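Okay, structure first, notes after.
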Amino acid sequence: IGNVYKFDIAKNRFQLVFRAGHSCTALLCCVTRPNEALIGLADCTIKCFNAESGDVVATLRGHEAAVRSLSLDASGALLLAGSSRDCVLWDLESFARCRTLNGGQDVGIQDVFFLPNSDTILTCFKDDSIHAWDSGSLDYLYQIVHPSVPAPQHYRSFAVTPGDGRLLVAGGRSPFVSVWNMGTRRLLRVVRLPSKVKCVQQIVFLQDSLEEGASSETLGFLAQDGILRFINIHSCKSLFQIGSCDQMLVHVQVSGDGHYIAAVTEQGSVVLYDAAALTKELKMPQ
């Protein structure tokens, strides 16, 4: 329980690097602390450990529930950790608690994260409301207005375009995803997903170009049937999919450089996909 493995993609090898002793609920690599990673655990703690030696660097305590999300600010010096009941800002230099963002005890927090290259915190609550806060002062900034739809969306997954944070996408227990322009904070569109999709488990963006600063128009959503489908966020055109009824996916992660997609299957295996190979045909002249 709580074992953490490191994969060497070039050598096609993996090794056990840390034994936490409790179920892992969130995992994040440090940006400013080489070879160190942060892991949220079912006992409501966060551990920082050295991925080379396996030594525990620090243990962060004080959350009211198991931490489910970990996010770094633009400098990589502040850690934002969120559970279903609280959000806490931690200083990664001293590992001291900086501030606590309250308000989720009654409603329940679905997700919380920093917007890319920003000091703005986005909190997504279980009543489908989305609010923004300044991480320095924790002053309230604004609310993202959700669409007028026949029934509640029950958002459970969120994603922003990597790098520029230009678009915010939310999906949940419905066959729709909502897309907002974060510059104007206005709803752009509500996308009706393919008929086989009943609910959205996870949302990811795939970089359309591996060049630094490239924008993202390719959106992937993992549905209840274990298939990760990709569409163009603007035209809503279906592009390609990975996973199948025989190899259902339960979680996916796009690498920081956009080169790979790692997927965990229902059988417990990890499948690695080459993003460039998957999108090659999309870039061919029509």
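The values are calculated or read from the model by the stated rules, or taken from the named source; none is laboratory data. Just so it is clear, the structure is predicted and the values come from calculations on it, not from any experiment. Cβ coordinates were reconstructed from backbone atoms using ideal geometry, including for glycine residues, and neighbour counts include every protein chain displayed. For accessibility, only protein heavy atoms count, side chains too; no ligands or nucleic acids. Shrake-Rupley method; radii C 1.70, N 1.55, O 1.52, S 1.80 Å.
When only alpha carbons are used to place a centre, the stretch 89-141 and the stretch 1-61 end up 23 Å from one another.
Solvent-accessible area per residue in the stretch 1-82 equals 52 Å², computed with a 1.4 angstrom probe and all protein chains kept.
Of all segments of the chain bounded by GluC sites (Glu not before Pro) found in a DSSP loop with no more than 10 other C-beta atoms within 10 Å, the longest spans 94-210. What the pair-distance distribution of the stretch 66-179 shows, using all Cα-Cα distances binned every 5 Å from zero, is 2, 12, 23, 25, 20, 12, 5, 2, 1, 0 percent. Here's the list of lysines a cross-link from K237 could span, going by alpha-carbon distance under 23 Å and ignoring same-chain residues fewer than 8 apart: K196, K198, K280, K283. Here the Karplus relation 6.51 cos²θ - 1.76 cosθ + 1.60, evaluated at θ = phi - 60°, turns the backbone of the stretch 2-16 into coupling constants of x, 6, 10, 10, 10, 10, 9, 5, 5, 9, 6, 9, 9, 8, 6 Hz, with x for every Gly and Pro. Net length available on complete extension from S53 to R33 is 5.8 nm, with 0.36 nm assigned per residue and the Cα-Cα distance removed. Given a 1.4 Å probe and the protein chains all in place, what does the accessible area of K280 round to, in Å² to the nearest 10? The accessible area comes out at roughly 140 Å². In the stretch 1-74, Cα pairs under 8 Å separated by at least six residues give a relative contact order of 24 percent.
What shape does the chain have by the C-alpha gyration tensor, where a ≥ b ≥ c are the square roots of the eigenvalues, rounded means a/c under 1.5, and otherwise prolate means a/b greater than b/c and oblate the rest? Cα axes put the chain in the oblate bin. Got a sec? Charge dipole of the chain, +1 on Cβ for Lys and Arg, -1 for Asp and Glu; which of P34, L115, S135 is way out at the positive end? The listed residue farthest towards the positive side: L115.
Comparing S195, S157, S71 in a Gaussian network model of the chain, where Cα atoms under 10 Å apart are tied by springs, the biggest mean-square fluctuation is seen for S195. Cross-link reach is defined here as a Cα-Cα straight distance under 20 Å, omitting same-chain residues fewer than 8 places apart; for K11 the aspartates and glutamates meeting it are E52, D257, D274. How large is the charge dipole for the chain, taken about the Cα centre, if only the Cβ atoms of Lys, Arg (+1) and Asp, Glu (-1) carry charge, to the nearest 20 debye? In debye, rounded to 20, the chain gives about 740. Working note: Karplus 6.51/-1.76/1.60 with θ = phi - 60° gives the stretch 248-264 the couplings 6, 9, 10, 7, 9, 8, 8, 5, x, 8, x, 7, 10, 10, 9, 10, 9 Hz, where Gly and Pro are set to x. Would you mind telling me the share, in percent, of accessible area of the stretch 1-149 contributed by carbon and sulfur at probe 1.4 angstrom? Carbon plus sulfur share of accessible area: 47 percent.
With K and R counted +1 and D and E -1, the other residues having a Cβ less than 9 Å from that of V107 yield a net charge of -1. In the stretch 62-198, if the dipole is taken from +1 on Lys/Arg beta carbons and -1 on Asp/Glu beta carbons about the Cα centre, which of P194, A65, G82 is farthest to the positive end? Going by the Cα projections, it comes out as P194. If only the Cβ of Lys and Arg carry +1 and only the Cβ of Asp and Glu carry -1, the dipole of the stretch 115-167 around its Cα centre is close to 240 debye. Among T161, T123, T45, the residue with the largest mean-square fluctuation in a Gaussian network model of the chain, with springs joining Cα atoms closer than 10 Å, is T45. Taking Lys and Arg as +1 and Asp and Glu as -1, the other residues whose beta-carbon sits under 14 Å from that of N3 total +3. When the chain is treated as a Gaussian network with alpha carbon springs shorter than 10 Å, the biggest mean-square fluctuation among V271, V250, V160 belongs to V271. Residues K6, K198, K47, sorted by accessible area with the largest first, give K198, K6, K47 [1.4 Å probe; ligands and nucleic acids excluded]. Taking amide hydrogens as placed 1.01 Å from N in the peptide plane, the amide H of A51 sits under 5 Å from those of E36, A37, each at least 5 positions away in sequence or on another chain. Each Lys or Arg adds one and each Asp or Glu subtracts one; over the other residues with Cβ under 13 Å from the Cβ of A58, this totals 0.
Quick one: pull the percentage of alpha-carbon pairs in the stretch 171-263 with a separation above 19 Å. Pairs farther apart than 19 Å: 41 percent.
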